[in-house]
Amino acid sequence: MHTECPSPVTPSQPAVYDPMPVRTSLFHCDRLVRRLGHLSLVACCFLAISGCLPGLYGSTRPLIKIGLAAPFEGLGRPLGYEALQGVKMALAERNAAGGVGGYMVELVALNDSDQPLEAAAQALEFAADPAVLGVITGWRQAVAAAALPAYRQAGVAVVVPWTVPADLVDPSHGVVLLAADSDRVVRAAADLVAVVVGDAGVAVVGDAAAVAPYLALASRPVWRVSLPDSPTATTTGDAMRRLFLARPAPPAALVLVTTGAQAGDIVRAVREIPWDGPILISPEGADPQLVDVAGAAANGVLIASAAPAGIDLAERHNGDDAPSSGLGPRAVQAYDATQVLLAAIEAAIRADGQPTRDGVIRALRDVKASGLQGEIKIDSDGRRRDARVWWYQINDTHYPGVLVQ
């Protein structure tokens, strides 16, 4: 079969939609396929048999697949393409070095539109393909909560790359967490708030489930602020004006446990009141949409990130000219999540003589891998032993900004 190499697609370019999947190289795997049945996008990255990847064309090595579920359409599109960049880089390196346990690796990336129901549907898509040995997904808490039960039931291993509650982790069914869990982020936020505003009151904005841990752990007055259902910039602005103008004393700081787009609306609204107090944003909202929506109003905002930007790892990886130096935090985390999943697949092949889903689930419970952030160890509780929170401050309307802690 002749292999065609389409033009690469970046987050700033429109995707090229074709009616049928095509085999592409790793470096050009952004060609997406619209599946009319559920209007999802599929990025089929068939890495091992493309003429565009030197030395692999015509390879007779067996193939295995891993999956990536992320938003490739809608407001979350930049997030999805940032993650895809990291996975592509990791797989390029591994396939160029001979693959995993004698197997070459294909990537199948499905669009979940950053929607819980769509994410659950994509879990079933991955489960239906027996060659998919594991999936990287869980970029939002609500999306992860909806999709992970389907993966557990299907027996498909999942490496969750971004912050979610610890109770979503289930190593016995192959669900492990690479990032700091929600409780650890809450503790980090509480420590930073204490430094910034002391014991003064704080308002925490988000839905009830997301805000609850902050209310339980804070040792200061805390107000919970719920946004309207399906919030718009107008309704969000109204809610913020009520918070700041209807109280005798406004909060000394804001903690936002929302998406990046919602956080952008909130930041812009409170700066227009005007109010210039400190704003902290949870990993849920740590994405480029914050700056896209808030613009210059985002300058000075503090972001809790589950991973560093590549530039902040430059000393570890041959300086600013290293390919990884241009990666955003979610791309860095996607790269490392890919290495964790591949290490588990390799361990399963060594143990069983062949790659199986059950073998990957067993291997993930105690896997070690080398990533951009250094050595990674997943403990028997399904969580990374040394996961930390990285604090950035937006500067010059640039995401993620400057690393401050």
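Just so you know, all these numbers are worked out from the coordinates, no wet-lab data involved. Because the structure is predicted, anything quoted here is derived from the model rather than measured. Cβ sites come from the backbone with ideal geometry, for glycine too, and all protein chains shown count toward neighbours.
Quick look at the numbers
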quantity	calculated
Likely footprinting exposure, TYR399, TYR151, fewest C-beta neighbours within 10 Å first	TYR399, TYR151
Global geometry of the range 137-253, whether rounded, prolate or oblate, following the gyration tensor of its Cα atoms and the 1.5 cut on a/c	oblate
Exposure proxy order (Cβ contacts within 10 Å, fewest to most) of ILE378, ILE266	ILE378, ILE266
Two-site label geometry, VAL402 and VAL195: point separation in nm, points 7 Å out along Cα→Cβ	1.4 nm
Cα centroid of the range 272-308 to Cα centroid of the range 221-260, whole Å	14 Å
Anisotropy class of the range 182-305 from Cα gyration tensor, a/c 1.5 cut	rounded
Stretchable slack from GLU272 to ASP129, in nm (0.36 nm times residue separation minus alpha-carbon distance)	46.4 nm
Relative pair counts by distance (%), Cα atoms of the range 315-404, 5 Å bins	3, 13, 18, 21, 16, 12, 9, 6, 3, 1, 0
Burial ranking of peptide ranges 232-239, 89-96 (average Cβ count within 10 Å, highest at the top)	89-96, 232-239
Distance from the range 192-209 to the range 333-380 (C-alpha centre basis), Å	37 Å
Residues ASP386 and ILE311, FRET efficiency given R0 of 35 Å [Cβ-Cβ distance, rounded to 0.05]	0.95
Stretchable slack from THR60 to LEU215, in nm (0.36 nm times residue separation minus alpha-carbon distance)	50.1 nm
Extended-chain gain in nm, criterion 0.36 nm per residue less alpha-carbon gap, ALA97 and GLN393	102.8 nm
